[in-house]
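Reading through the structure tokens given below for one structure.
Values in this text are rule-based calculations from the coordinates and carry no lab data. Because the structure is a prediction, the values reported are computed rather than measured. Quick reminder, even Gly has a Cβ in these numbers, built from the backbone with ideal geometry, and neighbours come from all protein chains shown.
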Amino acid sequence: MAVAPHTFEDLRAATLSDVDPEIADLLGQELERERGEIELIASENFTWPATLEAAGSVPTNKYSEGYPGRRYYGGCEIVDEIEQLAIDRARTLFDAQHANVQPHAGAQTNMAVYFACLEPGDTILSLSLSHGGHLTHGLKVNFSGRLYDIQHYGVSRETSLVDYDDVLRLAKEHRPKLIVCGGSAYPRTVETLRFREIADEVGALLLCDMAHFAGLVAAGIQPNPVADCDFVTSTTHKTLAGPRGGFILCREEHAQAVDRAVFPGMQGGPLNHVIAAKATCFKIAATEPFREYQQQIRTNADALAETLQEGGVEVLTGGTDTHLLLIDLRRSEWSGKDAEERLAKAGITVNRNTIPFDERPPTIASGVRLGTPAVTMRGFDEDDIREVGRIIVSVLSQGADLEALAARSAALCERRPLYPEMDAFPTFGAAGA
Ligand code: DSN
């Protein structure tokens, strides 16, 4: 349709660009932004065309409060099958006794676990945000910090690694009801067995938030936390490369409490279109090509850490066991904010990040967090990521020609096109027309 729709009948047949050219154009612009920048935000990824298709599908129309076979609405036969497939695939992929695939995002997964096993005022022991934790692990301005008594462990000043003896000491002192491990900016393996021993010693429950490294777990590259933990929470859109969403794995004994906490405890109607896309994401994550993709994420992360250090840029803990690493700028002339802004001018997207014992506030920060899932998804190999590392080293040097560096970033993006087939998708193809 070339002209704006005027009637109800027109609207029922119209495409997005017919109805809302402004939004269609912005979606097209976002596609071009994603294509044209080197995306190193460690929590982001470019999901598969197959999951995009599922996420943009008709179950968005369906209400289905409840769970498969136990709904409060009619007409749920098909969405029951969709959700059951997602549950079964999640359980199989991570070898879990129970899965809840309804949480809308990562924050809701942690909220549901807290609601399932804690009362307001109960004590949680978790990694502090500035040492690599997460908002929902007890930041004062977050619901978690407002509702619960939060005690934090941190990393060692010398090694920047979790000090398990100190975690045990704090656990004995504070007797938490729940210990939380995992986080958003911890580059090394989370040793869940050590946490299990500590939890058992003080009679605490254990939650691992594996949102960042779930893809590596699915591929068998990072240890699976499920056996050691009472609860495991995750998102589907980070290393796991699925749609934006969350899911919870837990032991059977907690299944009913978790399900009740999600619905009716804190969410209403599930996002059935997103649950369909989660099912597809779990199916893909069980394949050999997915394992190879995750292996390349790891190889690229190591190559990036090495190249940065060869160029004199400090990397916290000297490297990474995962997909993410932290540049430590404390001994440089730049803050995290400076670095983020300079890198953006050179065509590289990152986020500033506090590093342990940071003296700068989070809005400025002394670190930058980098991750390789998104660039690896668009096909960057070791040579490409080494070139990215050299560009970053130059950006963080005095007198860098940021325009020339941006041209080098653009050349990499051109060589490794993102979503080359996407112009065939009607929604995006019409953008800007
Ligand atoms: N905001 C995400 C991250 O960047 O790690 C975590 O929720």
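So the values come out like this:
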item	result
Estimated FRET transfer efficiency when R0 is 41 angstrom, pair Leu135-Ser332 (beta carbons, to 0.05)	0.90
By average C-beta atoms within 10 angstrom, highest first, the peptides 359-365, 412-418	412-418, 359-365
Global form of the range 123-226, assessed from the alpha-carbon gyration tensor, a/c cut-off 1.5	rounded
The range 88-175: Cα Rg divided by the 2.2 N^0.38 Å rule of thumb	1.24
Between the range 94-147 and the range 384-405, the alpha-carbon center distance in angstrom	38 Å
Gyration tensor (alpha-carbon) shape descriptor, the range 1-129, a/c threshold 1.5	oblate
Amide H within-cut-off set for Leu205, under 5 Å, with H built and near neighbours excluded	Leu178, Ile179
Alpha carbon convex hull of the range 205-322, projected area averaged over orientations, nm²	8.9 nm²
Assigned charges on the beta-carbon of Lys, Arg, Asp, Glu; the chain dipole about Cα centre (debye)	660 debye
Residues with amide H under 5 Å from that of Tyr153, placed H, sequence gap 5 or more	Ser126, Leu127, Ser128
Rel. contact order, % - alpha carbon contacts under 8 angstrom, at least six apart, the range 75-152	21 percent
Of every Cα-Cα pair in the range 47-100, the percent that sits beyond 14 Å	61 percent
Under-5 Å amide H pairs with Ala105, H placed in peptide plane, nonlocal only	Gly246
Packing-based ranking, highest mean first, of 147-160, 92-105 given that Cβ atoms within 10 Å are counted	92-105, 147-160
Kirkwood-Stokes translational diffusion coefficient of the range 294-433, alpha-carbon pairs, 10 °C, 1.306 mPa s, µm²/s	101 µm²/s
Alpha-carbon spread of the chain, three principal axes, descending order, Å	68, 63, 40
